[in-house]
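The values are calculated or read from the model by the stated rules, or taken from the named source; none is laboratory data. Computed from a predicted model, the values in this text were never measured in an experiment. Note that we place each Cβ from the backbone using ideal geometry, even for glycine, and neighbour counts take in every protein chain shown.
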Amino acid sequence: MNILLHVCCGPCTIYPLDVLRREGMEVSGFFYNPNIHPFREFRQRIQALEELAAQTGFQVEIRRDYGLRHFLRQVVFHEDERCGLCYGMRLAAAAEYAAAVRADAFTTTLLYSRFQNHSLIREQGEALGRKYGVPFYYRDFRQGWQEGIDRSIAMGLYRQPYCGCIYSEQERYDRRWQKRNKKAGASLD
């Protein structure tokens, strides 16, 4: 089977790519992630993916247009639904590209993350597969979470500290701030 793998970054690609290849699939990649902010982070993720591609012989189409405006236009005032909107943007682009290159199916590295909503990704992927005439291949890659982390470190790939969107980045810092404030409050008692 010729499968298109939507990729969010290099480290998250390692385990799904290996699994699909071991199953005898011919895997090509597609990077489209308008959610990633800031631009410096966007560039670092592309660079890490290019390093992975060079080390593994992985062919990947990289959409280099920085799509922050497009992403924000979709999610502003819909922040509570932002993940589903973001999945939809990326999976729609992947399904359209999979149809254009005549892939037998498409899937995504988002299914590797323990932090993503698998049922929503699967639902959207299957609906987009029907729309574009390319089946969505659901596979739960989470069991390889630690293996992917360990291998990305061994390969020297840049590992990002958040999903990529500006909201996720804010939440990451807000949590740290909250922990610091709790500790400071406890030490004052």
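Structure notes:
- Within the range 102-116, being more than 9 Å from the chain's Cα centre (by Cα) and surrounded by 24 or more Cβ atoms within 10 Å (Cβ to Cβ) holds for ALA103, PHE106, THR107.
- Residue list for the range 66-92, restricted to those being out of contact with any His (no Cβ under 8 Å at 6 or more places or on another chain) and among the aliphatic types (A, V, I, L, M): LEU72, VAL75, VAL76, ALA92
- Only one of the listed residues (PHE141, PHE136) is in contact with a Gly (Cβ under 7 Å, 6 or more places away or on another chain), closer than 21 Å to ASN2 by Cα and crowded, with 17+ Cβ neighbours inside 10 Å. That residue is PHE136.
- Subset tally (residues that are part of a helix (DSSP H, G or I), farther than 20 Å from CYS9 by Cα and touching an Asp or Glu at 6+ places or on another chain (Cβ under 8 Å)) for the range 94-139: 1
- Among (1) in a helix (DSSP H, G or I); (2) out of contact with any Leu (no Cβ under 7 Å at 6 or more places or on another chain); (3) not small (Gly, Ala, Ser) - the single one LEU91 does not satisfy: (2)
- Count of the range 24-76 residues which are under 23 Å from ILE153 (Cα atoms), surrounded by 17 or more Cβ atoms within 10 Å (Cβ to Cβ), hydrophobic (A, V, I, L, M, F, W, C) and in contact with a helix residue (DSSP H, G or I) (Cβ under 7 Å, 6 or more places away or on another chain): 9
- When TYR158, TYR167 are checked against the criterion of being in a loop (DSSP other than H, G, I, E, B), under 17 Å from the mean Cα position of the chain (by Cα), of a type in the set (Ser, Thr, Tyr) and modelled with pLDDT under 90, TYR158 stands alone in meeting it.
- Checklist (1) part of a loop (DSSP other than H, G, I, E, B); (2) in contact (Cβ under 8 Å) with a residue 12 or more places away in the chain; (3) not aromatic (Phe, Trp, Tyr) applied to GLY144, failing item: (1)
- When the range 1-15 is limited to residues that are in a strand (DSSP E or B) and of a type in the set (A, V, I, L, M), the one that is surrounded by the most Cβ atoms within 10 Å (Cβ to Cβ) turns out to be VAL7.
- The range 16-67, residues that are of a type in the set (D, E, K, R), within 19 Å of TYR97 (Cβ to Cβ) and not in a helix (DSSP H, G or I): GLU26, GLU61, ARG63, ARG64, ASP65
- In the range 54-79, the residues that are of a type in the set (A, V, I, L, M, F, W, C) and either touching a Ser or Thr at 6+ places or on another chain (Cβ under 9 Å) or modelled with pLDDT under 90 (or both): PHE58, VAL60, LEU68, PHE71, LEU72, VAL75, VAL76, PHE77
- Residues in the range 98-121 that are without any contact (Cβ under 8 Å) to a residue 60 or more places away in the chain and touching a strand residue (DSSP E or B) at 6+ places or on another chain (Cβ under 7 Å): ILE121 only.
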